[in-house]
Amino acid sequence: MKVAFCGTDNSSAYDISGGFLRNVCFLDALNLVPHVFLLFITFPILFIGWGTQSSKVQIHHNTWLHFPGHNLRWILTFTLLFVHVCEIGEGIVSDTYLKSRHLHLFLPAIMGFVAATTSIVYYHNIETSNFPKLLLALFLYWVMAFVTKTIKLVRYCQDAVPLVQLRFCITVIMVVLYGLLMAVEINVIRVRRYVFFTNPQKVKPPEDLQDLGVRFLQPFVNLVSKATYWWMNTLIISAHKKPIDLKAIGKLPIAMRALTNYVSLKDAYEEQKKKVADQPNRIPSIWLAMYRAFGRPILLSSMFRYLADLLGFAGPLCISGIVDSFNNSEINATKTLDDLTQPYLTSHDFLKTAYVLAILLFLALILQRTFLQASYYVTIETGINLRGALLAMIYNKILRLSTSNLSMGEMTLGQINNLVAIETNQLMWFLFLCPNLWAMPVQIIMGVILLYYLLGKSALVGAAVIVLLAPIQYFIATKLAEAQKSTLDYSTERLKKTNEILKGIKLLKLYAWEHIFCRSVEDTRTKELTSLKTFALYTSLSIFMNAAIPIAAVLATFVTHTYAEEKSPSPAQAFASLSLFHILVTPLFLLSTVVRFAVKAVISVQKLNEFLISDEIGDDSWRNGDSAITYESCKKHTGLHPKAINRKHPIRQQLDSGEQSMRVPTRRIDIDDYAIKVTNGYFSWGSGLATLSNIDIRIPTGQMTMIVGQVGCGKSSLLLAILGEMQSLEGKVHWSRLNETDSSFEASRRSRYSVAYAAQKPWLLNATVEENITFGSPFIKQRYKAVTDACSLQPDIDLLPFGDQTEIGERGINLSGGQRQRICVARALYQNTNLVFLDDPFSALDIHLSDHLMQEGILKFLKDDKRTLVLVTHKLQYLPHADWIIAMKDGTVLREGTLKDIQNNDVELYEHWKTLMNRQDQELEKDMEADQTTLERKTLRRAMYPRESKAQLEDEDEEEEEEEDEDDSMSTAMRLRTKMPWKTCWRYLTSGGFFLLFLMIFSKLLKHSVIVAIDYWLAQWTSRNQNQNQIQTLCSVNGSIEETKNCYIAVFSALSAAGIVLCLVTSLTVEWMGLMAAKNLHHNLLNKIILGPIRFFDTTPLGLILNRFSADTNIIDQHIPPTLESLTRSTLLCLSAIGMISYATPFFLLALVPLGIAFYFIQKYFRVASKDLQELDDSTQLPLLCHFSETAEGLTTIRAFRHEARFKQRMLELTDTNNIAYLFLSAANRWLEVRTDYLGAFIVLTAAVASIAEGPTSGLMGLGLLYALTITNYLNWVVRNLADLEVQMGAVKKVNSFLNMESENYEGSMDVSQVPKDWPQEGEIKIENLCVRYENNLKPVLKHVKAYIKPGQKVGICGRTGSGKSSLSLAFFRMVDIFDGKIVIDGIDISKLPLHMLRSRLSIILQDPILFSGSIRFNLDPECKCTDDTLWEALEIAQLKNMVKSLHGGLDAVVTEGGENFSVGQRQLFCLARAFVRKSSILIMDEATASIDMATENILQKVVMTAFADRTVVIIAHRVHTILTADLVIVMKRGNILEYDTPENLLAQEDGIFASFVRADM
């Protein structure tokens, strides 16, 4: 067949007798000219590139888009492309009606399409390389195209072509588009003046793009990249090579930073405040403020959402059109066209063509998905901005909260944490779902209208089914929330119990009580599982409803339709309505969720409002130096001076470097020279009652003022009142302005406004020790050293694993009270402020440290600095050092003056003090041995060291395992990161039991086959009118029409019913399996851990073990089952869809190969990146929450120091870090969804084209298209769920790693019956050649120890720390590995006994007294074996009887967690009573008196000698004098026995070690 431009069958084609413009063919050729011109000009420029033309401004990521009209141009170009596609289609369709090919009908359009594409590519390259002169080529192209199209339009008008004709419409639209594009181009010339003008405009890229740290480019890229997240490709692909870290995701762009959003939200909120200022009972509306600040993006997102929803209906309509076009194809064939050269199509004819519909469907899908993702992205970005703003608002409010609010209402800390962790997130989620609220009703209404248009009245039946079942969905959703809450309560209780077990595990093992406590955890777990069962039930119901509603609706509709209309629906109707039902279900299912979130959001806003209008601290203008950069000043300078926000105050560094030289000159002390003066002060804690009354005091400058008085007389309150933390009812606090003479900048910088304050309850940041001491001041080495020495912190710092770079408060490094207090004092000393307030700094310190601190720190360091010090203390022996004394009593000032004044004026008080001082001195002497500090250090060392070594060992093991199979560890690691953890998945699935696993797989497969069968049957039934001659089905046996109809309906109903039942079964089995797995995993974990060796607990941080029980168990309980359900469902749906399409059109399989490969790579890259981003999001959330709770706890300190600005700054940084991680995570999800959606659209396109080409039965074809459409929805879920499951399987993996641990060997070689009932009766102990080590790979701690202890002897064991005393006591209980030698008690070798029996027959009192929450009775006798009399007797022996009697409930009185409601001494006595209840003939005391005062210790000594007179007692001594009365003393060193004799004999040896110990102890 010959091809010619104007066709070969028309002689008049080249006839130009009527003028050129009368010839259509010539006009079309003319249209080619501009396109060809553009291609000729731009291609060389594009391909040669601009190696020479580099841009003048260095831009980041070449994404700088700055030509005016940029977005408009992209939108117009895309519209133009779409119109070109229509033009091509129109040309080709017209051409099919002609006898020969007429190229002029579609060739110009194709060239136009190519040219338009080139134009936008060309433009993009010019814009990013900032070379506007080259835009002239485009300008010329638009002008030429505009002119040629206009000529064509004029010609059509002359011919009076009617408007109905498609070609005329297209030409009009083209003219308009080219005109607009020309206008855009002229505008660029006008604004940028790059040509025709003398001075072109200079431009600078935005700040974000100059900053290389900003990696989030979504706001800065062009429309295509915005829509497809093309700019994310590099990040997501790079995740394969190395994990994404915080550096890779960079900083937030300025517009999204918390500060920017905070300012806009705050302004809006202040506006609301002003509105309601005059109406006292109205509160400012946060809703309106949020709308003011963030309303516009929400409206934009809603617009996108509406567009997407409307385009969504294109699917069903196109399906019905395509299927219809086949039914009508026979009729159409007869019609031919009269005018051969100018076949005009009406748009109606055009849309009857199946291929056109297929392409339209493809374009509609792509657009719909793009709009949908854009809508999601905009809401998410807005939600994140809102969260940042709210967090900043809450934080600002926290910094201004009045102290009485916090100290009176104990709840508020919890409330604040909830506001931060829960309420802000609720609001953010509400914003995410917000557009759904108004998009869904529209979607539902549209859907019902379309259904009505397709099926008539019977459609309403189906819609009614859906609408009626929706409330049930809502009911289920509320129930779900309730079940989740009760589950949470139980799991909190279970965690509390687990925590107690882990803290007291050593005691539980020594007393053989593990099983009792284990059982109580199991009980709580059973309750938790019961409420989890309800949770699972409702979850599965909700899944079931979601799957069953469309089946039920379709059933109802088609049955009604068949009976009402007297004919079965046509395939076009059937499949279009099926796909409409699928569209309708989603909004209805989501509506319940959205409504629930809306309700939650309303509650959250109420809570926020309450918080934001609560009391604030008074504005202490007298102390408001300009020491803090406020938010407001930052706001004014954002553009000019970002450093004020971003860098941590560089100004401060320069000031303080000169600090050494410029000291405040000393001045003579004059009593009028006061730093602070309070006159006639009455202060209250917000109750209106004055806590402090009639206060008149002066605090002299540069001197030491001491405030003394009894407990609770208002000393601390006085400090807080001066700091402005209390409400002042009347009176004033005057802060002296510094003498005008030294107005040097430095002196005022050492600001009088800032007070170095150390509170009574030490407050530390979650930061390194050094950061806690310098607290934001610059680090000056000699000053730092002086401070740490003064507070004697050096030895403690040396014990920490990383010295002063150790983070406090993480990895179980918990400092003791004294250590924390000393760090707080050090912080106050280190700060360079004129005023220092120390609130009882000696309370937690022992006597040596107090003296050292007093001499070195206070008298030397502070005096040298001439700083004003106010010291609250109980230690009266320091009064002589004071320059000024304030004595307080019952909230008033009793005396004020120097010690001499008081001695002269108030003799009585002075004498009273003197007696107290003497008493304190006596206590001093007693206290000398009680060296608390060494003890604290010992516990610290104990906590620190074994852990480190163990951690290193574990790391090495892991590395070895990874490297064994491959030397190139890097690639292995990468392989591990890309591989799904199939092994762990299998472990998880099998831990639920094989039967359930099999049931789940079987029911899933069955359900999906039934659902496919339903649709297949529908296809057979609807297309039976057209295929009478085709396949025989079950119902097409020769019967009357009525019978066949009934038969079809019966089978259809049966299948639908089966489908609905199976939906329920599958959703239940998945949840049930998940539950069983959760139950078994937790049970095994708990039992494994409780039976683990003690060494495991010494070396594994408590937090790590607890995490397995909290976070990981929670994931296994609640997150894995739904993920698994969703994953299997979406995978099976996609597979059944692909199977169905291939069955309908086998050609489809060819196209499947490239699509499959694309899908594989998308999911592979996404999974890795998603996992990293998820981890980043989790890890950045914690510091943010910590920072909030820290701030709330340390409010007074922060405000005293005047460090609000620095803390705000830190909070903004943390918020931004968390937000950027979250933003990237959601952008990555969008990246994936756009890609999978486009793949889905291609699947639809190939399925449609293949089926049109084959032209099989229209029923099957409709079926194939319907399935292709569902794929688009489910593809991304497959990947998302895979990624989620991979992350969640990490929890199973962690739990499994604990399950492989060795347990203690509980079985003994002896039979229980061989052991006498009352063994050990005598209490005779033989230790023969004993060698002990903690683990096989460690050195022995006891070497060949031999000893013999007679029945009833009291034996003392002493030695320095680490000499093996405690290890010996543990050896009696076989807590350590006895690898040589043996211990024989009453003739039985203990290594042969069952562990439980051995431990239950001995008793021990440990150094740290441990009590459990419960009753006193439970603490003494958890096994409930003893009578009350025995318990009272034990309490009497331990001198506790009277105290317990006075408690409410006696033996059943409550013991709080850890026994906090008793003092340490009392707890130790309880432990003694506990040992006594155990009536065993051997008692071991492991440094039991270390943490008690002398008086209690004497009681203990007496008790041991009398009550345990006939028992063998082994005392491991920490103070030697406690064992001077023993019958036998053993002195140990490095695991060996050095001396072994009676104390008298040992003391006689002058040069003996024991003698030297005793001398040192005197």
For the range 1255-1392, just the Cα set please: Rg and Dmax, both in angstrom. 32.0, 103
Taking Cα atoms, how many degrees apart are the long axis of helix 424-455 and the longest axis of the chain, rounded to 10 and kept between 0 and 90? 30 degrees
Long-range amide H partners of TRP884 with built H, under 5 Å: MET704, MET706
What is the range 109-219's relative contact order, in percent, from Cα pairs under 8 angstrom and six or more apart in sequence? 22 percent
Based on the mean of other beta carbon atoms within 10 Å per residue, what is the order of 381-388, 685-692, 1546-1553, 542-549, most packed first? 381-388, 542-549, 685-692, 1546-1553
At 10 °C and 1.306 mPa s, grab the translational diffusion coefficient of the range 1112-1185 from Stokes-Einstein with a Kirkwood Rh over Cα pairs, rounded to a whole number in µm² per second. 102 µm²/s
Counting only residues 5 or more places away or on other chains, whose amide H sits under 5 Å from the amide H of VAL1514 once H atoms are built in the peptide plane? VAL1355, LEU1483, ILE1484, MET1485
As an exercise, find the ratio Rg/Rh for the range 170-285 from alpha-carbon atoms, using the Kirkwood inverse-distance average for Rh. 1.17
The local net charge around SER604, scoring Lys/Arg +1 and Asp/Glu -1 for residues other than SER604 whose Cβ lies under 12 Å from its Cβ, equals +1
Global geometry of the chain, whether rounded, prolate or oblate, following the gyration tensor of its Cα atoms and the 1.5 cut on a/c: prolate
Round to the nearest 10 and give me the degree value, 0 to 90, for the angle of helix 258-275's Cα axis relative to the longest principal axis of the chain. 90 degrees
Under 5 Å from the placed amide H of PHE837, counting only residues 5+ away or on other chains, we find ALA756, TYR757, ALA758, VAL870
Out-of-range pairs (alpha-carbon distance over 21 Å; input LYS274/LYS397; LYS1354/LYS1425; LYS533/LYS1007; LYS1004/LYS1045): LYS1354/LYS1425; LYS533/LYS1007; LYS1004/LYS1045
Would you mind classifying the range 1166-1311 by shape? Square roots of the alpha carbon gyration tensor eigenvalues, ordered a ≥ b ≥ c; an a/c under 1.5 is rounded, otherwise it is prolate if a/b is larger than b/c and oblate if not. oblate
Rounded to a whole number, what % of the accessible area of the chain do carbon and sulfur atoms account for, probe 1.4 Å? 60 percent
Add +1 for every Lys or Arg and -1 for every Asp or Glu among the other residues with Cβ under 11 Å from the Cβ of LYS1326, and state the total. -1
For the range 363-407, taking Cα atoms only, what is the radius of gyration to one decimal and the Dmax to the nearest whole Å? 19.4, 64
In the neighborhood of THR148, defined by Cβ-to-Cβ distances under 12 Å, what is the net charge if each Lys or Arg adds +1 and each Asp or Glu adds -1? +2
Give the accessible surface of the chain per residue, rounded to a whole number of Å², with probe radius 1.4 Å and ligands, DNA and RNA excluded. 43 Å²
Degrees between helix 1494-1507 axis and first principal axis of the chain (Cα, 0 to 90, nearest 10): 80 degrees
Protection proxy ranking of 1469-1475, 789-795, 506-512 - average other beta-carbon atoms within 10 Å, highest first: 1469-1475, 506-512, 789-795
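The values are calculated or read from the model by the stated rules, or taken from the named source; none is laboratory data. In this text the structure is predicted, and so the values were computed from the model without any measurement. Every residue, glycine as well, gets a Cβ built from its backbone with ideal geometry; the counts of neighbours run over all protein chains shown. When the accessible area is computed, the model is the full protein with side chains, heavy atoms only, and any ligands, DNA or RNA have been set aside. Shrake-Rupley method; radii C 1.70, N 1.55, O 1.52, S 1.80 Å.
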